[in-house]
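Data block below; observations after.
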Amino acid sequence: MKRLFRLLPALLLFSASTFASPAPSTLIANVSGRTTVSLNGSWRAIVDPFDNGRSGFFRDAKPKDKQDLVEYSFDASPVLNVPGDWNTQREPLMFYEGTVWYRRTFSYHKPVDRRIFVYFGAVNYQATVYLNGQKLGQHEGGFTAFNFECTSLVHEGENSLIVEVNNVRSADAVPGIKFDWWNYGGITRDVELIEVPDRFIQDYSVQLTRGSQNEISGWIQLNGAQSGQKISLEIPEAGVHENFASNASGRAEFRIRAKLDLWSPEHPKLYEVVVASGGDTVRDQIGFRTIGVQGSKILLNGKPIFLRGISMHEEAPYREGRAFSPEDAQSLFGWVKELGCNFVRLAHYPHNENEIRLADRMGLLVWSEIPVYWDIDWTNAATLANAEAQLRDMIARDHNRAAVILWSMSNETPVKPERLTFIKQLAQDAREFDSTRLITSALNHVEGSGSDPRVLADPLADALDVIGLNEYLGWYWGRPEDAGKLEWKSSFNKPLIVSEFGGGPIAGRHGDADERWTEEYQNSLFQHQLAMVQRMPNFAGLTPWVLMDFRSPLRMLPGVQDYHNRKGVISNRGQRKLAFYTLQKFYWERAAETESQPVNRKGK
Ligand code: GCU
């Protein structure tokens with residue numbers, strides 16, 4: 001909260017200068033545990049390359065009479081599906097970067113004594129939201145949720161919800177101008193109306209106290225309540241039945257002793273947790289586990305764990321485009337499990353909640369990241385406020401998910417003072433927002449060249465609990481077999497995750513192991529890399545690049561890439577490449593080693 005107040009001046013400065021409207025309200029937690037009305041489906045859409053609609057499309061005007069001049073019509077416009085990116089829904093929009101106006105009409109029976117919020121899982125990149133011609137607010141950032149209260153503006157009967165969506169890239173945005181994934185635009189995740197009582201449960205944190213396996217600590221934040229409001233917390237299966245009273249700002253903090261079955265990849269135990277206050281009751285499924293570091297080891301429930309992972313984008317298998325549905329998550333994580341993984345790096349932005357909730361149920365540990373990617377406008381206060389807001393909202397949505405163990409502040413950013421200041425600020429924010437998880441970043445700056453040892457010496461590592469290293473030996477530099485001879489050193493006694501290595505063949509192309517673009521080349525690279533990484537200092541896990549081929553505007557080699565990054569171990573058509581089986585064999589052997597050791601289930 002203290003951090004939020006420090007944020008406000010920059011946010012106001014930011015919004016005052018570019019957006020003259022209120023900052024988004026604080027995110028309502030656990031939307032799937034609320035009373036909601038889905039607004040998913042077909043929305044009318046007007047493609048507006050010259051931003052002509054700003055003159056008034058939000059009014060959803062209809063000609064008053066046969067003379068009236070109205071030069072747009074949502075009723076007569078084609079539809080786009082929501083959730084969904086616009087690029088893969090209409091061929092002419094595949095490369096489109098600009099504005100699209102979305103409209104959804106809905107007939108609504110307004111419940112009495114309820115406050116109404118409209119919730120968006122994500123809109124890429126900027127969203128301006130109107131209801132019945134009135135502006136509700138704006139949001140920036142393509143991968144985090146937001147909600148606006150609309151109790152006074154929603155009508156009994158017909159309503160018109162309009163969203164101006166713009167995905168034009170800019171240097172002061174997050175991410176900046178250049179990134180190696182498709183700039184899918186649109187309303188890419190669920191849209192819901194949320195109905196809550198006048199005083200409701202805004203958010204809560206129910207986690208094990210850091211370092212303890214039998215003490216739950218956390219807080220419950222009410223919205224619209226003063227002090228003395230009764231709040232109860234129940235975990236029936238663990239015999240937890242607690243009552244509290246809110247303080248002057250509607251908040252209750254607690255510490256509770258409890259005997260719990262700990263969550264782990266082998267045993268993803270979730271408990272039903274019920275938070276109630278006044279007329280509001282929220283149910284959630286929460287796992288309890290501890291995560292920490294000890295020297296170069298990552299400890300899960302007090303025991304060292306090796307992270308058998310893979311990196312992945314939020315791209316839908318087969319149909320391509322932004323993934324969003326439970327089915328997409330099931331397909332992607334099905335492959336992750338088939339590989340023998342206990343860990344997944346969700347690159348390079350917060351992925352949809354369906355994936356995170358599935359990771360909780362499936363027992364997959366998660367690295368979640370904000371898109372501070374390559375180079376951004378490090379000295380711009382508004383850019384920092386934007387990155388901080390994305391970090392705040394990533395944590396706000398997923399801070400009760402046992403699966404999430406790592407918050408990543410950035411990926412492959414240049415070593416320079418202004419970058420260090422910027423990301424150190426984010427790391428400090430993250431520790432304030434959530435003291436129970438580990439902070440990391442994917443670094444790619446190493447010293448040394450030729451056959452000299454490579455030394456990890458990026459000063460940003462000082463601000464991290466766990467170091468991520470992206471290295472492309474055998475693809476962007478050197479040859480795969482050079483891995484056999486190369487030595488690695490680190491100036492930091494901290495756990496190291498090799499967060500990226502890889503090579504990009506097109507599935508089905510075969511040839512010699514030294515012939516680029518063939519599966520044999522990628523496979524040889526994987527074989528050499530898997531041997532090398534085990535010799536790295538403080539090696540605690542890896543997430544090779546990448547689970548599945550994905551669309552990228554940076555990859556244009558005809559007949560091979562065709563606007564796809566081909567570093568997947570699986571193609572976007574589900575074809576497993578040779579390297580898939582090499583990695584799978586490596587992980588199954590590691591898993592067998594781990595599983596032969598006794599597991600501590602019961603919290604001592
Ligand atoms: C980078 C980057 C990825 C990118 C990959 C590649 O390291 O983090 O986003 O796709 O390398 O070059 O394929």
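Could you check segment 45-58 and list, in sequence order, the residues that are in contact with a strand residue (DSSP E or B) (Cβ under 8 Å, 6 or more places away or on another chain) and in a helix (DSSP H, G or I)? Talk me through it step by step, then tell me what you get.
Restricting attention to segment 45-58, the residues satisfying the condition of being in contact with a strand residue (DSSP E or B) (Cβ under 8 Å, 6 or more places away or on another chain) are 45-49, 51, 53-54, 57-58.
G53, R54, F57, F58, listed by residue number.
Under 9 Å by Cβ, and 6 or more places apart or on different chains, what pairs join a residue from segment 434-445 that is assigned to a loop (DSSP other than H, G, I, E, B) with one that is of a type in the set (D, E) and away from the ligand (no atom under 16 Å from the Cβ)?
Listed by first residue and then by second, the contacts come to R437/D465.
Does R419 fit the bill of being within 16 Å of the ligand (Cβ to nearest atom), surrounded by fewer than 23 Cβ atoms within 10 Å (Cβ to Cβ) and in a helix (DSSP H, G or I)?
Details: within 16 Å of the ligand (Cβ to nearest atom): yes; surrounded by fewer than 23 Cβ atoms within 10 Å (Cβ to Cβ): yes; in a helix (DSSP H, G or I): yes.
The answer is yes for R419.
Residue check, L460 against (1) of a type in the set (A, V, I, L, M); (2) within 30 Å of Y204 (Cα to Cα); (3) within 16 Å of the ligand (Cβ to nearest atom), all met but one. Which one?
That leaves (2) as the condition not met.
Inspect segment 583-590 for any residue being more than 14 Å from the ligand (Cβ to nearest atom), open to solvent by 10 Å² or more (accessible area, probe 1.4 Å), outside any loop (DSSP other than H, G, I, E, B) and hydroxyl-bearing (S, T, Y) and give the result as yes or no.
The initial filter retains those residues of segment 583-590 that are more than 14 Å from the ligand (Cβ to nearest atom), namely 583-590.
Adding the requirement that they be open to solvent by 10 Å² or more (accessible area, probe 1.4 Å) leaves 584-586, 588-590.
Now drop any that are not outside any loop (DSSP other than H, G, I, E, B), which leaves 584-586, 588-590.
Adding the requirement that they be hydroxyl-bearing (S, T, Y) leaves none.
Checked against the condition, which is being more than 14 Å from the ligand (Cβ to nearest atom), open to solvent by 10 Å² or more (accessible area, probe 1.4 Å), outside any loop (DSSP other than H, G, I, E, B) and hydroxyl-bearing (S, T, Y), segment 583-590 yields no hits at all.
In the set I405, I395, which member is more than 16 Å from the ligand (Cβ to nearest atom), in contact with a Leu (Cβ under 8 Å, 6 or more places away or on another chain) and within 22 Å of A29 (Cβ to Cβ)? Give the steps one after another, and end with the answer.
On the way: I395 fails: in contact with a Leu (Cβ under 8 Å, 6 or more places away or on another chain).
Just a single option satisfies the conditions, and that option is I405.
Among the candidates T594, T518, single out the residue that is surrounded by fewer than 22 Cβ atoms within 10 Å (Cβ to Cβ), over 28 Å from S449 (Cβ atoms) and away from the ligand (no atom under 16 Å from the Cβ).
Working: T518 fails: over 28 Å from S449 (Cβ atoms).
Exactly one residue qualifies, and that residue is T594.
Name, by its number, the condition in (1) under 22 Å from N470 (Cα atoms); (2) touching a Pro at 6+ places or on another chain (Cβ under 6 Å); (3) surrounded by fewer than 24 Cβ atoms within 10 Å (Cβ to Cβ) that does not hold for H348.
(3)
From (1) touching a strand residue (DSSP E or B) at 6+ places or on another chain (Cβ under 6 Å); (2) more than 20 Å from L456 (Cα to Cα); (3) not basic (K, R), pick out the condition that doesn't hold for T543.
(2)
Looking at this structure, is L547 in contact with a Ser or Thr (Cβ under 8 Å, 6 or more places away or on another chain) and under 26 Å from L307 (Cα atoms)? Before the answer, list the steps.
On the way: in contact with a Ser or Thr (Cβ under 8 Å, 6 or more places away or on another chain): yes; under 26 Å from L307 (Cα atoms): yes.
In short, yes.
Among the residues in segment 496-508, are any more than 16 Å from P537 (Cβ to Cβ) and open to solvent by 30 Å² or more (accessible area, probe 1.4 Å)?
yes
What are the residue pairs meeting all of these: first residue in segment 353-377, first residue more than 16 Å from H313 (Cβ to Cβ) and in contact (Cβ under 8 Å) with a residue 40 or more places away in the chain, second residue polar (S, T, N, Q) and in a strand (DSSP E or B), Cβ atoms under 6 Å, and 6 or more apart or on different chains?
Sorted first by the residue in segment 353-377, then by its partner, the pairs are V372/S410.
Which condition does F324 not pass, out of (1) open to solvent by 10 Å² or more (accessible area, probe 1.4 Å); (2) touching a helix residue (DSSP H, G or I) at 6+ places or on another chain (Cβ under 6 Å); (3) within 20 Å of I28 (Cα to Cα), if it passes all the others?
The failed condition is (2).
Given the residues D434, D452, which is the only one that is within 28 Å of N386 (Cα to Cα) and of a type in the set (D, E)? Give the steps one after another, and end with the answer.
Working: D452 fails: within 28 Å of N386 (Cα to Cα).
Result: D434 is the single residue among D434, D452 that is within 28 Å of N386 (Cα to Cα) and of a type in the set (D, E).
Which ranges mark the strands (runs of 3 or more DSSP E) fully within segment 258-329 that have 1 or more residues being under 16 Å from G239 (Cα atoms) and β-branched (V, I, T)? Spell out how you get there, then give the answer.
Values: elements: 271-277, 280-286, 291-294, 297-300, 307-312.
It comes to 271-277, 280-286.
What's the total number of residues in segment 195-244 that are outside any loop (DSSP other than H, G, I, E, B), among the polar types (S, T, N, Q), in contact with a Gly (Cβ under 9 Å, 6 or more places away or on another chain) and over 30 Å from I439 (Cα atoms)?
Restricting attention to segment 195-244, the residues satisfying the condition of being outside any loop (DSSP other than H, G, I, E, B) are 195-197, 200-208, 215-223, 230-238, 240-244.
Filter once more, keeping what is among the polar types (S, T, N, Q): 202, 205, 207, 217, 221, 223, 232, 243.
Add one more test, that the residue is in contact with a Gly (Cβ under 9 Å, 6 or more places away or on another chain), and what stays is 202, 205, 207, 221, 223.
If we keep only those that are over 30 Å from I439 (Cα atoms) as well, we get none.
Residues in segment 195-244 being outside any loop (DSSP other than H, G, I, E, B), among the polar types (S, T, N, Q), in contact with a Gly (Cβ under 9 Å, 6 or more places away or on another chain) and over 30 Å from I439 (Cα atoms): 0 in total.
Could you list, in sequence order, all residues of segment 108-150 that are over 23 Å from P371 (Cβ atoms), open to solvent by less than 10 Å² (accessible area, probe 1.4 Å) and more than 21 Å from the chain's Cα centre (by Cα)?
The answer is I116, F117, L131, C150.
For segment 525-572, how many residues meet the condition of being buried (at least 16 other Cβ atoms within 10 Å of the Cβ), aliphatic (A, V, I, L, M), in a helix (DSSP H, G or I) and more than 14 Å from the ligand (Cβ to nearest atom)?
Number satisfying all stated conditions: 3.
If you go through segment 273-298 one residue at a time, how many are open to solvent by 20 Å² or more (accessible area, probe 1.4 Å), under 17 Å from I405 (Cα atoms) and among the basic types (K, R)?
1
Kindly establish whether W219 is modelled with pLDDT of 95 or more and under 30 Å from T413 (Cβ atoms). Show your work before the answer.
On the way: modelled with pLDDT of 95 or more: yes; under 30 Å from T413 (Cβ atoms): no.
Against the criterion (modelled with pLDDT of 95 or more and under 30 Å from T413 (Cβ atoms)), W219 does not qualify.
Check D462, D429 and return the single one that is buried (at least 21 other Cβ atoms within 10 Å of the Cβ) and not in a strand (DSSP E or B).
On the way: D462 fails: buried (at least 21 other Cβ atoms within 10 Å of the Cβ).
The unique qualifying residue is D429.
Are any of the residues in segment 91-100 under 24 Å from S152 (Cβ atoms), buried (at least 16 other Cβ atoms within 10 Å of the Cβ) and either in contact with an Asp or Glu (Cβ under 9 Å, 6 or more places away or on another chain) or modelled with pLDDT under 95 (or both)? Even if it seems obvious, please write down each step before you answer.
As a first pass, look at segment 91-100 and keep what is under 24 Å from S152 (Cβ atoms): none.
Within segment 91-100, none of the residues are under 24 Å from S152 (Cβ atoms), buried (at least 16 other Cβ atoms within 10 Å of the Cβ) and either in contact with an Asp or Glu (Cβ under 9 Å, 6 or more places away or on another chain) or modelled with pLDDT under 95 (or both).
Yes or no, residue by residue, for (1) farther than 23 Å from E315 by Cβ; (2) in contact with a helix residue (DSSP H, G or I) (Cβ under 8 Å, 6 or more places away or on another chain); (3) among the charged types (D, E, K, R):
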{"position": "P495", "(1), (2), (3)": "yes, no, no"}
{"position": "V498", "(1), (2), (3)": "no, yes, no"}
{"position": "F501", "(1), (2), (3)": "no, yes, no"}
{"position": "D512", "(1), (2), (3)": "yes, yes, yes"}
{"position": "E519", "(1), (2), (3)": "no, yes, yes"}
{"position": "A540", "(1), (2), (3)": "yes, no, no"}
{"position": "P544", "(1), (2), (3)": "no, yes, no"}
{"position": "D549", "(1), (2), (3)": "no, no, yes"}
{"position": "I570", "(1), (2), (3)": "no, yes, no"}
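The values are calculated or read from the model by the stated rules, or taken from the named source; none is laboratory data. These numbers were taken from a predicted model, which means no experiment stands behind them. Methodologically, a virtual Cβ is constructed for each residue, glycine included, from the backbone with ideal geometry; neighbour enumeration extends over all protein chains shown. Accessible surface is based on the protein model in full, side chains and every heavy atom, while ligands, DNA and RNA are left aside. Shrake-Rupley method; radii C 1.70, N 1.55, O 1.52, S 1.80 Å.
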